[in-house]
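**Student:** The structure follows.
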Amino acid sequence: PPENPVTDPYQYKRCFNRDNRNSYRIILYVDQPKPGTRALMSDREGNTTLASINNDTKTYGHTWIAFEEIRPDGDVIRRSLGFWPRQDINLSTQAAPGILGDDGGRDFDVSLEIGLARDAFLNLLDDCSMGNLERYNLNINNCTGWAIDKIYNNTAIALPKTLASWAFGFGEGPSPGNLGEDIRLMDLSIIANNSKVTDVKRTTSPAPSLRNYGNCP
């Protein structure tokens, strides 16, 4: 489960509004297991093979979305949402009940900042905020697949969806390692030409992600 679960998504997102004067953007963050590689997992020392990985520091990486509204007076509302399993994964089904997490401040390796038209932004926010009712599945609805699918379903932005294989071929799905490398290589003009997109920018230097910001009455 996430370190900071979002147990009440309605309260979590309620500060956003539909003022036509606002500007809106999302930031898709990718924490790769080993930066600059398609590795499925890694440890603190950078080992990526199953036999050499230190289980105490093992990571599979993570993918999440930050939502940001900038108002005419400069005020900013920002909330981060990532999709997590609510409990340990059932190995027979490779699934578990899902839960949203506040991943603001988590380190990332690659990010994709996309300015969005108001309705596309708010539709995506509303859709993502339903994550506590979804089922986390390692193959078809893990943190990376969830983010890719939500963005496509609400904005028609088709991000690459390169699959990784695990469990000796018994499972496969999108992974942070693959998505990070795909974003590094992709032609951003494909996104920029989308009618719902106002601007797009890529970052490939590791840094802490933006934390939540802004309150409302």
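**Student:** On the given criteria, is residue 180 open to solvent by less than 20 Å² (accessible area, probe 1.4 Å), out of contact with any Cys (no Cβ under 6 Å at 6 or more places or on another chain), without any contact (Cβ under 8 Å) to a residue 60 or more places away in the chain and on the phi < 0 side of the Ramachandran plot?
**Tutor:** Considered against the rule, which asks whether it is open to solvent by less than 20 Å² (accessible area, probe 1.4 Å), out of contact with any Cys (no Cβ under 6 Å at 6 or more places or on another chain), without any contact (Cβ under 8 Å) to a residue 60 or more places away in the chain and on the phi < 0 side of the Ramachandran plot, residue 180 comes out as no.
**Student:** Looking at region 158-172, which of its residues are surrounded by 14 or more Cβ atoms within 10 Å (Cβ to Cβ) and touching a strand residue (DSSP E or B) at 6+ places or on another chain (Cβ under 6 Å)?
**Tutor:** Within region 158-172, 161, 172 qualify.
**Student:** Condition first: in contact with a strand residue (DSSP E or B) (Cβ under 8 Å, 6 or more places away or on another chain), within 21 Å of residue 17 (Cα to Cα) and basic (Lys, Arg). Can you find one or more residues in region 112-119 that meet it?
**Tutor:** yes
**Student:** Same structure, new question: Quick one: what pairs do we get from region 17-43, first residue closer than 28 Å to residue 75 by Cβ, second open to solvent by 20 Å² or more (accessible area, probe 1.4 Å) and at pLDDT below 95, C-beta under 9 Å, 6+ apart or different chains?
**Tutor:** The qualifying pairs are 17/216.
**Student:** Going through region 51-65 one residue at a time, which ones are open to solvent by 80 Å² or more (accessible area, probe 1.4 Å) and of a type in the set (A, V, I, L, M)?
**Tutor:** 51
**Student:** Here is a further query. Give the residues of region 52-86 that are in contact (Cβ under 8 Å) with a residue 24 or more places away in the chain, closer than 16 Å to residue 22 by Cβ and part of a loop (DSSP other than H, G, I, E, B), sorted by residue number.
**Tutor:** 71, 72, 75
**Student:** Does region 145-157 contain any residue that is surrounded by fewer than 17 Cβ atoms within 10 Å (Cβ to Cβ) and closer than 28 Å to residue 36 by Cβ?
**Tutor:** First, the residues of region 145-157 that are surrounded by fewer than 17 Cβ atoms within 10 Å (Cβ to Cβ): 149, 152-153, 156.
Going one step further and asking which of them are closer than 28 Å to residue 36 by Cβ, we end up with 149, 152.
Yes, some residue in region 145-157 is surrounded by fewer than 17 Cβ atoms within 10 Å (Cβ to Cβ) and closer than 28 Å to residue 36 by Cβ.
**Student:** Restricting region 66-89 to residues that are open to solvent by 40 Å² or more (accessible area, probe 1.4 Å) and in contact with a strand residue (DSSP E or B) (Cβ under 6 Å, 6 or more places away or on another chain), which is nearest to residue 201 (Cα to Cα)?
**Tutor:** Checking each candidate, the answer is 70.
**Student:** Could you tell me whether any residue of region 24-33 is surrounded by fewer than 20 Cβ atoms within 10 Å (Cβ to Cβ) and touching a strand residue (DSSP E or B) at 6+ places or on another chain (Cβ under 9 Å)?
**Tutor:** no
**Student:** Here is a further query. Hey, which of the helices (runs of 4 or more DSSP H) in region 98-217, taking only ones fully inside, have at least 3 residues that are at pLDDT 95 or above and within 25 Å of residue 14 (Cα to Cα)?
**Tutor:** 118-128, 143-155
**Student:** Something else: Given the residues 93, 63, which is the only one that is under 24 Å from residue 162 (Cα atoms), at pLDDT below 95 and among the polar types (S, T, N, Q)?
**Tutor:** Unique residue meeting the criteria: 93.
So that you can scan it fast, the table gives a plain yes or no per residue for (1) out of contact with any Ser or Thr (no Cβ under 7 Å at 6 or more places or on another chain); (2) part of a loop (DSSP other than H, G, I, E, B):
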residue: 11; (1), (2): yes, no
residue: 18; (1), (2): yes, yes
residue: 25; (1), (2): yes, no
residue: 39; (1), (2): no, yes
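The values are calculated or read from the model by the stated rules, or taken from the named source; none is laboratory data. What you see is a predicted model, and the numbers here were worked out from it, not measured in a lab. Positions of Cβ are generated from backbone atoms using ideal geometry, with glycine treated the same way; all protein chains shown enter the neighbour counts. Only protein heavy atoms, including side chains, enter the accessible area calculation; ligands, DNA and RNA are left aside. Shrake-Rupley method; radii C 1.70, N 1.55, O 1.52, S 1.80 Å.
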